[in-house]
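Data block below; observations after.
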Amino acid sequence: MRHRELAVAGAFVFDPEVRSDPSGSFASPYQESAFAAATGRPLFPVVQTGRNVSRRGVVRGVHYTLTPPGTARYVFCAGGRALDMVVDLRVGSPTFGRWEAVELTAGNGRAVYLPPGTGHAFAALEDDTVMCSLLSAEYREEDDLTLSVLDEDLALPLPGGRPPALSERDAAAPTLAEAAAQGLLPDYRPAPAPYTVR
């Protein structure tokens with residue numbers, strides 16, 4: 001499995017080998033040895049998983065949690081195709097305000113790791129796009145915050161051709177500058193020193 005760090009500090013994309021034969025294909029979106037090689041530690045304890053099904057044109061996010069230590073995510077696409085976006089919202093981070101977008105598909109098995117304090121958004125590029133997440137914290141509505149994907153200062157690479165279909169909450173979300181002014185952004189916490197993986 002190949003990996004590379006994204007433009008957001010501490011965020012990584014993982015590309016597994018895809019094996020195909022006449023009966024279909026197989027890929028492993030998560031391999032602990034590859035994750036540990038990239039980050040210096042095994043994956044966080046998974047306390048919740050999530051599955052989201054969206055039609056083409058739907059854009060979700062930018063979602064994040066503020067309550068320390070925040071929520072880490074490991075995301076992959078189990079059906080369809082999505083443009084997945086990682087946004088650095090951590091005040092004091094060397095990459096604050098930067099983002100990177102990665103295309104995830106059911107066929108490529110690619111996955112993205114988002115460290116705590118980073119924001120997550122995705123655009124469904126096909127009907128019945130299925131996004132799956134492994135989460136380091138259980139979902140609590142009061143901890144789940146959102147920023148506007150339409151924020152011109154962020155300039156996220158939303159697909160063209162039609163206005164994005166947003167939830168009511170995402171459509172009313174503040175910009176990055178507005179959230180910063182309200183004290184609604186997480187602080188940057190550098191990753192702890194690597195430890196040995198067994």
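A short reminder: the numbers here are calculations on the coordinates, not readings from a lab. On a predicted model such as this, the values are computed, not experimentally measured, just so you know. Here Cβ is always computed from backbone atoms with ideal geometry, including for glycine, and neighbour counts include all displayed protein chains.
Applying a DSSP loop filter and a limit of 11 other Cβ atoms within 10 Å to the GluC sites (Glu not before Pro) in region 1-89 leaves GLU17. Under the simplified labelling scheme, the GLU141-ASP187 pair shows an inter-label distance of 3.0 nm, with each label point 7 Å from Cα along Cα→Cβ. Extension gain, ALA37 to ARG55: 0.36 nm times the residue separation minus the Cα-Cα distance gives 3.0 nm. With the cut-off at under 19 Å, measuring from each backbone N in region 14-49 to a point 7 Å along the Cα-to-Cβ line of ARG98 picks out 14, 38-40. Here the Karplus relation 6.51 cos²θ - 1.76 cosθ + 1.60, evaluated at θ = phi - 60°, turns the backbone of region 50-67 into coupling constants of x, 9, 10, 10, 9, 8, 4, x, 6, 10, 10, x, 7, 9, 7, 10, 9, 4 Hz, with x for every Gly and Pro. The phi-based Karplus calculation (6.51 cos²θ - 1.76 cosθ + 1.60; θ = phi - 60°) puts the 3J(HN,Hα) values of region 90-100 at 7, 4, x, 6, x, 10, 3, x, 7, 9, 8 Hz, whole numbers, x for Gly and Pro. For region 174-179, the Karplus equation 6.51 cos²θ - 1.76 cosθ + 1.60, evaluated at θ = phi - 60°, returns couplings of x, 6, 4, 5, 5, 5 Hz by residue, with Gly and Pro reported as x.
The helix-only estimate of mean residue ellipticity at 222 nm for the chain, built from DSSP H runs of length n ≥ 4 each weighted as -39500 (n - 2.57), is -2000 deg cm²/dmol after division by the residue total. In this simple spin-label approximation, VAL46 and ASP153 carry label points 7 Å from Cα along the Cα→Cβ vector, and these lie 3.6 nm apart.
Applying 1/(1 + (r/R0)^6) with R0 = 22 Å to the Cβ-Cβ distance of ASP127 and SER167 gives a FRET efficiency near 0.80.
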